[in-house]
Amino acid sequence: MSSASWHRLLYTGLLLFGLCLPLSKSASNILLGALYAAAAAGVLLDRQFRADFVRSCRQPLTAALGFFCLVAYLGIIHTQRPADGFAIANKFVSLPAIYFLVSVLLQADPRAAERTRKAESLLVSFLIGLAALNLLGVMTYLGVIGEREFALPLAPLDLHHIWFSNINALGLYAGVFFLLFNGPGASTRTKVYLSGFLLLSALCIVLSTSRTAWFSISLTAAIMAFALIRSRKTVFLIMGCSALLFASAYQFVPLVRDRIDTIPQDLELFFVSEKKPSSIGSRLLMWKASLKMFRSRPLLGVGTGDYLRTIEEYRELRLLPRHLLDYNQPHNMYLFTLATNGIVGLSALLFIFFRSLRSTVPVVRSSGNGKLLASLAMATAVHFMIAGFMDSFFNIQILRYSFAFIMGVCIRSSVSDAEPAAANRAERAGNAVRLFARSSEDDRQQTKGENPEKILVHLGDPVDPD
């Protein structure tokens, strides 16, 4: 096979992977294994493909994601349950593995326009898979499929409703940015499809009843508006309209009102008795336990895999109610990392988001190319950072795979370095032209009305004024 054939084969596999990612855990894993094997075979058997692969290996997030996995494996050294530690660390390997595979294969194509086309096609395949999942969800809700007619929360294919809503949030961002940046040049049919997808996705997010997704989407949208829109008046106008929309939803949509009203009820129940289970109360107890673990070993944590064991110890000491044994993580990405891997682990986690924002914010704020991909990556990172306070998203396969896939598509060396640099060069060139024009105008104004002798002085001719 030629190098071009290897590229086509792997690109086709990535399209199928993006399509299956929202729909099937098993199919995604099988395709991922086949892609790893095919990429390894291409590197070993084809010299040109190997050269393309090696040339593109340096990607912005590889080191950050790899360091996060390394810390998780080092945490197994002092864990009391090595099997649980390896199970968790092995999950995290998919983060750098998927990111590296996607970003390198896209970057290996030397044609910039073709890289952009392939990247957008991979995102479209992901949106198609997500649209199929949402259609199944609506059909389930209407009773066309299964026996859960009008049952809430909406969770098609037995997917947890929080995971379902948050993967839809990523699709919502992608659809909005496609319309925003590619919409003016898109066909009417494409705009109709994207608009339909956005409406379907928004409906599924509401029916999922996930307050985590609702809050994270609202805050992410506000942050992205500040990043993308230069006019602050426009930003505040949009935020005012959004606040009015949310207030109307609370007032006139019983589902939204009921979910919001349970927050003070859960808090009241927690303060009356910590032993009575509630969504928010259980989270607060787990967060308290995680901080206790961190204080016991602040630098390295209790060890990768020892979270549940430590919870069991606290239960034996009557420090926690029994129902917390049903949770294998504290529903907080930062506290889970802090409890199991200490300050070192939290630093590794924050480094991922730091590198993500550092690679995307300059592109989003510039006037160059690549704003669609950079905006989606930035929104994804911000969403995970916010929602991570309510759940441990990197412990969940569909969300972990989606994060790595989107980042691999959107954060590559050509997107994070070359395009902002080109925009900066263009901006500097424009500034130079404007400065030259201003200087020429100043010279004309200065010489205008002066006597010929002074003009000759300006030109360097010796003139005796006497």
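Going through segment 262-284 one residue at a time, which ones are part of a loop (DSSP other than H, G, I, E, B) and either open to solvent by less than 60 Å² (accessible area, probe 1.4 Å) or among the hydroxyl-bearing types (Ser, Thr, Tyr) (or both)?
Those that are part of a loop (DSSP other than H, G, I, E, B) and either open to solvent by less than 60 Å² (accessible area, probe 1.4 Å) or among the hydroxyl-bearing types (Ser, Thr, Tyr) (or both): SER273, SER278.
Could you tell me whether LEU70 is surrounded by fewer than 22 Cβ atoms within 10 Å (Cβ to Cβ), at pLDDT below 95 and of a type outside the set (Val, Ile, Thr)? Give the derivation first.
Details: surrounded by fewer than 22 Cβ atoms within 10 Å (Cβ to Cβ): yes; at pLDDT below 95: no; of a type outside the set (Val, Ile, Thr): yes.
Spelling it out, it is not the case that LEU70 is surrounded by fewer than 22 Cβ atoms within 10 Å (Cβ to Cβ), at pLDDT below 95 and of a type outside the set (Val, Ile, Thr).
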TODO: May I ask you to list the residues in segment 336-378 that are under 13 Å from the mean Cα position of the chain (by Cα) and without any contact (Cβ under 8 Å) to a residue 60 or more places away in the chain?
DONE: PHE353, LEU357, THR360, ALA374, ALA377
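Looking only at segment 291-316, count every residue that is of a type in the set (A, V, I, L, M) and not in a loop (DSSP other than H, G, I, E, B) and tell me the total.
4
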Open item on the list: Name the residue that is nearest to ALA186 (Cα to Cα), counting only residues in segment 112-170 that are without any contact (Cβ under 8 Å) to a residue 24 or more places away in the chain, outside any loop (DSSP other than H, G, I, E, B) and in contact with a helix residue (DSSP H, G or I) (Cβ under 6 Å, 6 or more places away or on another chain).
Closed with: LEU136
- [ ] Identify the residue in segment 225-261 that is in a helix (DSSP H, G or I), of a type in the set (Lys, Arg) and free of Cβ contacts under 8 Å to residues at least 12 places away in the same chain and, among all such residues, is most open to solvent (accessible area, probe 1.4 Å).
- [x] LYS233
Open item on the list: Against the definition (surrounded by fewer than 15 Cβ atoms within 10 Å (Cβ to Cβ), aliphatic (A, V, I, L, M) and under 25 Å from the mean Cα position of the chain (by Cα)), how does ALA64 come out, yes or no?
Closed with: no
Open item on the list: Among the residues that make up segment 88-101, is at least one of them touching a residue at least 60 places away in the same chain (Cβ under 8 Å), within 21 Å of TYR401 (Cβ to Cβ) and open to solvent by 60 Å² or more (accessible area, probe 1.4 Å)?
Closed with: yes
Open item on the list: For segment 22-87, give me every one of the helices (runs of 4 or more DSSP H) that falls completely inside it and has 2 or more residues that are in contact (Cβ under 8 Å) with a residue 12 or more places away in the chain and closer than 30 Å to ASP158 by Cα.
Closed with: 25-45, 62-74
Task: Output for segment 285-335, where each listed residue is of a type in the set (Asp, Glu), loosely packed, with under 15 Cβ neighbours inside 10 Å and touching a residue at least 12 places away in the same chain (Cβ under 8 Å) - done: GLU312
Open item on the list: Name the residue that is nearest to the chain's Cα centre (by Cα), counting only residues in segment 1-21 that are in a helix (DSSP H, G or I) and loosely packed, with under 15 Cβ neighbours inside 10 Å.
Closed with: THR12
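The values are calculated or read from the model by the stated rules, or taken from the named source; none is laboratory data. What you see is a predicted model; the values in this text were computed from it and never measured. Cβ: placed from backbone, ideal geometry, glycine included. Neighbour counts: every protein chain shown. Accessible surface areas use protein heavy atoms only, side chains included; no ligands, DNA or RNA. Shrake-Rupley method; radii C 1.70, N 1.55, O 1.52, S 1.80 Å.
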